[in-house]
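Reading through the C-alpha cells given below for one structure.
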Amino acid sequence: MDRFDPRGKVNRALLVGVSEYEFTRPKHRDGVPGQLPAVAHNLAVLVRALERGGVLRPLEITVARSPRLADFRHSLRAAADSAEGLLLLYFAGHGAVPSAGDELWLQMRDAEVVRGETAGSRARPGSPTCCASSPTATRSGSWSSSTAATRATPPGCGRPWSAPTSDGASRC
C-alpha cells in the first residue's frame with residue numbers, strides 16, 4: 001500500500017468550534033448542558049499549530065465559530081468539494097450518543113436534544129446530526145457534490161464515514 005502524501009495537493013481543514021448555543025438547560029428543557037467558552041480559544045491555538053505544520057496553508061483552513069446546522073453543512077460540503085489531498089475535520093462542542101450507542105451526533109449552535117426518538121421521526125431545525133466520531137479524517141477518491149457515496153475512515157471509527165447526502169444525513 002502506498003503511503004498517502006498530501007503535500008503539493010489542495011488540502012482543506014474545517015475547524016468547527018461551538019462555544020455558544022441557542023438552547024441550554026435549564027432554561028430550555030431540550031437544550032444542551034451549557035455554553036463552552038474555552039472552545040473559542042482552542043480554535044485559535046489549533047489554527048496557529050496547523051499553519052506552522054507546513055501541510056496546510058492559511059487559505060486552506062476554514063474556521064466555523066458556533067455555526068448553525070445549515071451553515072455547518074454548507075462549510076463541510078465546500079471543504080470536501082475543494083479538497084484534492086487531505087480533508088481534516090475538527091469538532092469541539094457538545095455531542096450526543098443515541099441510546100443505541102452506535103453513532104455520535106455533533107451538536108451545532110441551534111441543536112436541541114430530542115430524547116427517546118430518532119432524529120428522522122421528530123426532526124427539529126438544528127437537531128444534532130451525526131458526522132464523525134473522530135476530529136480528523138483523510139479523504140480517498142473523489143468527492144463531488146453529486147456523489148454521496150465517497151467514504152473515508154476516521155481513526156477510531158472502525159468503518160467508513162459517508163459524505164452527507166442531499167438531506168444532510170451522514171453516518172459513521
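Within the stretch 57-67, being crowded, with 19+ Cβ neighbours inside 10 Å and farther than 11 Å from Leu14 by Cα holds for Ser66, Pro67. When each of Ala70, Ala79, Ala44 is tested for being modelled with pLDDT of 95 or more, loosely packed, with under 14 Cβ neighbours inside 10 Å and within 28 Å of Tyr21 (Cα to Cα), the lone residue that passes is Ala70. Of all positions in the stretch 94-106, none carries a residue that is small (Gly, Ala, Ser) and crowded, with 21+ Cβ neighbours inside 10 Å. The residues on offer are Asp81, Asp30, Asp102, and the sole one that is among the charged types (D, E, K, R) and free of Cβ contacts under 8 Å to residues at least 12 places away in the same chain is Asp102.
Filtering Ala96, Ala79, Ala40 for residues that are within 30 Å of Asp5 (Cβ to Cβ), out of contact with any Cys (no Cβ under 6 Å at 6 or more places or on another chain) and hydrophobic (A, V, I, L, M, F, W, C) leaves a single hit, Ala79.
The values are calculated or read from the model by the stated rules, or taken from the named source; none is laboratory data. Nothing here was measured: the structure is a model prediction, and the numbers come from that model. Heads up, the Cβs are rebuilt from the backbone with ideal geometry, glycines too, and the neighbour counts pull from every protein chain shown.
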